[in-house]
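Participant: This structure is in structure tokens; I'll ask about it shortly.
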Amino acid sequence: MSDLTVSFLQTELHWQDAAANRASLDLALARLDGPTDLVVLPEMFTTGFSMEAATLAEPMDGPTVAWLRAHAARLDAVLTGSVIIEEDGAYYNRLLWVRPDGRLSYYNKRHLFTLAGEQHTYTPGRERLVEEWRGWRICPLVCYDLRFPVWSRNQPHEPYDLLLYVANWPAVRRTAWRTLLRARAIENVACALGVNRIGHDGLGHAYSGDSALLDAKGGYLVEAHDQAGSFTHTLKKAELDDFRTKFTALNDGDAFELRA
């Protein structure tokens, strides 16, 4: 059995200024309270939720990937969050999963937010990512994915213990954020973490944060509300496994095939 110490940063973001965001996050990461296994940053943590990919996108060998690798090595932890990436002439809202030894996996956001025209700028992902890390299986997704339970479903052929979402989720829809995050934990019998930003972006949209970590029963383990800062909690694998042994709802789910 393994415990997993999870940290997340809820912060304001400098609009379309990657260097300024990396600098402010340097300070936040330096203030982390003790050792951790996983550090989660918001969606598009270097820019805010921007459609200006042509001027903001970085390559996979760019400064933000190097920055993530340096912090992952220093903290001996996985760092994850999404960044605007250009690859082979296409733009992606790409979640990067960076291990302490520098190995990198990624997930391209599947559900693009059509209300903001995200589909006109970014290419959608086709495959989920489930990573095994220190005894836990973790499925990281991005923002609008939260509204689509089929994509988030905990399936027997690709099971996970922790479901996480990185986001720029506006305050005007905070009730949906809180409700859906709790539902995803309960229906998937998994711990769930949603990491959102606070403040205002360059388009005037307000963000209330409401980042939270929940157990598999939908109970709140950590609630950030609208506060800036770093938040850390240790998840107990034995508690999750014990609950799943007693409450076997995952065994009764419908079989289906996803075609992205």
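Participant: Of the numbered conditions (1) within 22 Å of residue 210 (Cβ to Cβ); (2) crowded, with 19+ Cβ neighbours inside 10 Å; (3) touching an Asp or Glu at 6+ places or on another chain (Cβ under 9 Å), residue 42 satisfies every one except a single condition; which is it?
Facilitator: It is condition (3) that residue 42 fails.
Participant: Could you please tell me which pairs satisfy a Cβ distance under 7 Å, a separation of 6+ or placement on different chains, a first residue in the stretch 1-17 that is under 21 Å from residue 208 (Cα atoms) and open to solvent by 70 Å² or more (accessible area, probe 1.4 Å), and a second residue that is at pLDDT 95 or above and among the β-branched types (Val, Ile, Thr)?
Facilitator: Here the result reads 12/198, each pair linking the stretch 1-17 to a residue that is at pLDDT 95 or above and among the β-branched types (Val, Ile, Thr).
Participant: Looking at the stretch 182-213 only, could you name the residues that are without any contact (Cβ under 8 Å) to a residue 60 or more places away in the chain and under 12 Å from the mean Cα position of the chain (by Cα)?
Facilitator: Hits for the stretch 182-213 are 192, 194, 212.
Participant: Checking residue 244 against (1) in contact with a strand residue (DSSP E or B) (Cβ under 8 Å, 6 or more places away or on another chain); (2) surrounded by 15 or more Cβ atoms within 10 Å (Cβ to Cβ); (3) not small (Gly, Ala, Ser), only one condition comes out false. Which one?
Facilitator: Checking residue 244 against (1) in contact with a strand residue (DSSP E or B) (Cβ under 8 Å, 6 or more places away or on another chain); (2) surrounded by 15 or more Cβ atoms within 10 Å (Cβ to Cβ); (3) not small (Gly, Ala, Ser), the one that fails is (1).
Participant: Sticking with this structure for a sec: Just give me the residues in the stretch 189-208 being surrounded by fewer than 24 Cβ atoms within 10 Å (Cβ to Cβ) and in contact with a strand residue (DSSP E or B) (Cβ under 9 Å, 6 or more places away or on another chain), in sequence order.
Facilitator: Correct list: 198, 199, 200, 201, 206, 208.
Here is a yes/no grid of residues against (1) within 24 Å of residue 254 (Cβ to Cβ); (2) among the basic types (Lys, Arg); (3) not in a helix (DSSP H, G or I):
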residue	(1), (2), (3)
173	no, yes, no
176	no, no, no
180	yes, no, no
199	no, no, yes
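Participant: Only one of (1) touching a Gly at 6+ places or on another chain (Cβ under 6 Å); (2) small (Gly, Ala, Ser); (3) at pLDDT below 95 fails for residue 260. Which number is that?
Facilitator: Result: residue 260 fails condition (1) only.
Participant: Then there is this: Do any strands (runs of 3 or more DSSP E) lying entirely in the stretch 51-136 carry at least 2 residues that are surrounded by 19 or more Cβ atoms within 10 Å (Cβ to Cβ), and which ones are they?
Facilitator: Once the strands (runs of 3 or more DSSP E) in the stretch 51-136 are filtered for at least 2 residues that are surrounded by 19 or more Cβ atoms within 10 Å (Cβ to Cβ), what remains is 78-87, 90-98, 104-108.
Participant: Which of the residues that make up the stretch 18-36 are open to solvent by less than 30 Å² (accessible area, probe 1.4 Å) and touching a strand residue (DSSP E or B) at 6+ places or on another chain (Cβ under 9 Å)?
Facilitator: Matches in the stretch 18-36: 18, 25, 28, 29, 32, 36.
Participant: Considering 226, 161, 145, which residue is under 15 Å from the mean Cα position of the chain (by Cα) and over 26 Å from residue 101 (Cα atoms)?
Facilitator: Being under 15 Å from the mean Cα position of the chain (by Cα) and over 26 Å from residue 101 (Cα atoms) holds for just one of 226, 161, 145, which is 145.
The values are calculated or read from the model by the stated rules, or taken from the named source; none is laboratory data. None of the values given here were measured: they were computed from a predicted structure. Methodologically, a virtual Cβ is constructed for each residue, glycine included, from the backbone with ideal geometry; neighbour enumeration extends over all protein chains shown. Side chains are part of the model used for accessible areas, which takes the heavy atoms of the whole protein and leaves out ligands, DNA and RNA. Shrake-Rupley method; radii C 1.70, N 1.55, O 1.52, S 1.80 Å.
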